[in-house]
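Take a look at the structure set out below.
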Amino acid sequence: MLEFRSSLPAYKEKDAILSAISQNQVVIVSGETGCGKTTQIPQFVLESEIESIRGDMCSIICTQPRRISVMAVSERVAAERGELLGETVGYKVRLEGVKGRDTHLLFCTTGILLRRLLVDRNLKGITHVIVDEIHERGMNEDFLLIVLKDLLPRRPELRLILMSATLDAELFSSYFDGAPLVHIPGFTYPVRTHFLENILEMSGYRLTPDNQIDDYGQERTWKMNKQAPRKRKSQIASAVEDTLRAADFQEFSPETQESLSCWNPDCIGFNFIEYILCHICENERPGAVLVFMTGWDD
């Protein structure tokens with residue numbers, strides 16, 4: 001596990017990150033997805049405090065925007081440290097949590113930290129706050145940054161680390177009065193982007209006007225009405241249609257071109273997603289698959 005950690009790009013920037021944190025109250029770290037910032041930086045801080053004989057006084061809160069991220073990251077960090085959840089590393093989400101007396105690194109949702117700030121405006125006992133995924137710019141995340149900025153003058157010893165997966169971190173640097181930026185360069189693995197037309201061509205899946213209406217145990221008529229074209233199309237759907245009209249797909253097979261002409265951007269396309277997942281499992285090398293779905297309102 002230590003060998004894997006040392007191979008991550010974040011590990012190579014460990015000294016620069018810790019130096020910036022020790023010399024500044026606010027530090028902004030940017031790094032591409034997969035560089036290891038989410039799992040490694042909280043550990044760097046904890047290990048540094050332990051080495052400085054401040055481990056007993058150290059209390060780190062690390063926020064994630066979603067509860068599934070909180071649980072997954074906390075489990076991973078605990079595993080990397082050779083521990084069970086609830087020892088040094090714990091987590092807290094709404095109505096659920098794992099934490100012990102020796103927990104010094106707590107992962108939680110943004111909402112959990114905001115609720116704590118309601119009853120403890122000064123975050124008594126907390127030495128470090130790490131806010132991950134700040135580039136998502138959700139309402140809770142933006143409000144949390146406002147509250148934390150107001151807190152910093154009252155807690156000069158508190159350290160705030162903001163982490164972003166994009167290079168627009170300069171926006172947050174200016175908001176926090178020129179806070180220093182540390183960038184973690186590079187990927188640990190190659191990333192290839194495949195668009196809809198590429199996936200249709202590779203998989204052989206054929207879109208039709210009918211197979212984009214999904215039937216998962218609900219009445220088909222209800223689904224038809226629910227997913228019928230809207231009178232006022234969304235800006236995204238309109239942009240997609242404009243792009244399709246302007247695009248030249250001559251390098252693709254006639255079947256793929258026909259599928260693209262049938263594609264309905266108003267449908268989520270669970271059938272297509274299911275087919276692609278099966279295709280990946282049957283034809284690609286073993287590994288994990290992460291699917292980002294639309295929200296409940298969509």
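A few notes on this one:
- Simple label model, 7 Å out from Cα along Cβ direction - Ile53 to His279, nm: 6.2
- Listed peptides 201-209, 1-9 appear in the order 201-209, 1-9 once ranked by packing, highest mean of other Cβ atoms within 10 Å at the front.
- Rounded to 5, the percent of DSSP beta bridges in the stretch 2-184 classed as antiparallel: 10
- Each part gets one Cα centre, and for the stretch 6-28 versus the stretch 54-121 those centres are 21 Å apart.
- The peptide list 119-127, 91-99, put in order of mean Cβ contacts within 10 Å with the highest first, becomes 91-99, 119-127.
- Residue among Leu2, Gln25, Pro180 farthest towards the positive dipole end of the stretch 2-184, charges placed on Cβ: Gln25
- Peptides 131-140, 50-59, ordered by how many other C-beta atoms sit within 10 Å of their residues on average, highest first, read 131-140, 50-59.
- Dipole magnitude for the stretch 44-199: computed about the Cα centre from +1 point charges on Lys and Arg Cβ and -1 point charges on Asp and Glu Cβ, it is near 560 debye.
- Debye-sum result for the stretch 117-184 in log10 I(q)/I(0), which assumes one identical scatterer on each alpha carbon, at q = 0.21, 0.27 Å⁻¹: -0.94, -1.44
- Normalising by residue count, the stretch 2-184 has a Cα convex hull of 111 Å³ per residue.
Readers should treat all values here as calculations from the given coordinates under stated rules, not as data from a laboratory. Not measured: the values here are computed from a predicted model. Ideal geometry is used to build each Cβ from the backbone, glycine not excepted, and the neighbour counts take in all protein chains shown.
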